[in-house]
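Here is the structure we will look at, set down as structure tokens.
The values are calculated or read from the model by the stated rules, or taken from the named source; none is laboratory data. Please read these numbers as outputs of a predicted model, since none were measured by experiment. Reconstructed Cβ throughout: ideal geometry from the backbone, glycine too, with neighbour counts over all protein chains shown.
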Amino acid sequence: MGTIAGTRTTGEYALAATDFLTEAQVRCAKPKKRPYKLRDGGGLYLLITPADVRLWRLRYKLQGRESMVALGTYPATSLKAARARRAELRGALESGRDPTAERRAERASSSNTFEAIAREWLAKQPRAPREARDRAPGQAAGRPGDSVRNRDGPCGARSHRGSPRGACARQGDEPGGRDRPA
């Protein structure tokens, strides 16, 4: 069972000093040289950065381990909405659910990953290389150590290593070929 930072259990119910902030205090808070917190109680606080970014955060403990979850930015998330979200997360913690783990699992199951988007884009390309479309996830293109010099050249030779520059180039195909003026 989890607890929200700043709460104390007395008997059967949790006591928490909450709702310290007012909307005017949040609105009028000025940025300082270093980030600072305006605490609302029950683990909820507003982090104000030197760039005047205001972030709602909630600290909590689950199985003896302290964690933090972001609730949004001010003014997009009002004080009232942040408090409602705190109450919602408190219920989840009391039932033993970890909100951070749930958020990570949701992001991991999302089809909005780079790989999914890249595969969708490749499937739509009319001239996409077949090997790129059929490659297994995580399989690299080519081999380590392959370079442009190891691949087929304009003359069809597999490797250009060891041959003088342009020695196998057909006339006019490559700078440095036989038709180069002396």
Among the residues of segment 135-150, is any modelled with pLDDT of 85 or more and either assigned to a loop (DSSP other than H, G, I, E, B) or over 30 Å from LEU55 (Cβ atoms) (or both)?
no
Residue by residue through segment 36-61, note down the ones that are surrounded by fewer than 18 Cβ atoms within 10 Å (Cβ to Cβ) and either outside any loop (DSSP other than H, G, I, E, B) or in contact with a Leu (Cβ under 6 Å, 6 or more places away or on another chain) (or both).
TYR36, LYS37, LEU38, ARG39, LEU47, LEU55, ARG57, ARG59, LYS61
Complete set of residues in segment 84-98 that are over 25 Å from the mean Cα position of the chain (by Cα) and assigned to a helix (DSSP H, G or I)
ALA84, ALA87, ARG90, GLY91, GLU94
In segment 62-83, is there at least one residue being among the basic types (Lys, Arg), within 25 Å of the chain's Cα centre (by Cα) and assigned by TED's automatic domain parsing to the domain that holds GLN25?
yes
Scope segment 58-69; condition at pLDDT 90 or above and out of contact with any helix residue (DSSP H, G or I) (no Cβ under 9 Å at 6 or more places or on another chain); matching residues:
ARG59
What are the residue pairs meeting all of these: first residue in segment 56-81, first residue within 18 Å of TYR36 (Cα to Cα), second residue of a type in the set (D, E, K, R) and not in a strand (DSSP E or B), Cβ atoms under 6 Å, and 6 or more apart or on different chains?
LEU58/ARG86; LEU71/ARG85; LEU79/GLU23
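Each row is one residue, and each column tells you yes or no for (1) part of a loop (DSSP other than H, G, I, E, B); (2) at pLDDT below 85.
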{"site": "LYS33", "(1), (2)": "yes, no"}
{"site": "LEU71", "(1), (2)": "no, no"}
{"site": "THR77", "(1), (2)": "yes, no"}
{"site": "THR100", "(1), (2)": "no, yes"}
Is it true that LEU47 is closer than 15 Å to LEU89 by Cα, in contact (Cβ under 8 Å) with a residue 12 or more places away in the chain and not basic (Lys, Arg)?
no
Within segment 102-134, track down each residue that is closer than 15 Å to SER67 by Cβ and modelled with pLDDT under 75.
none
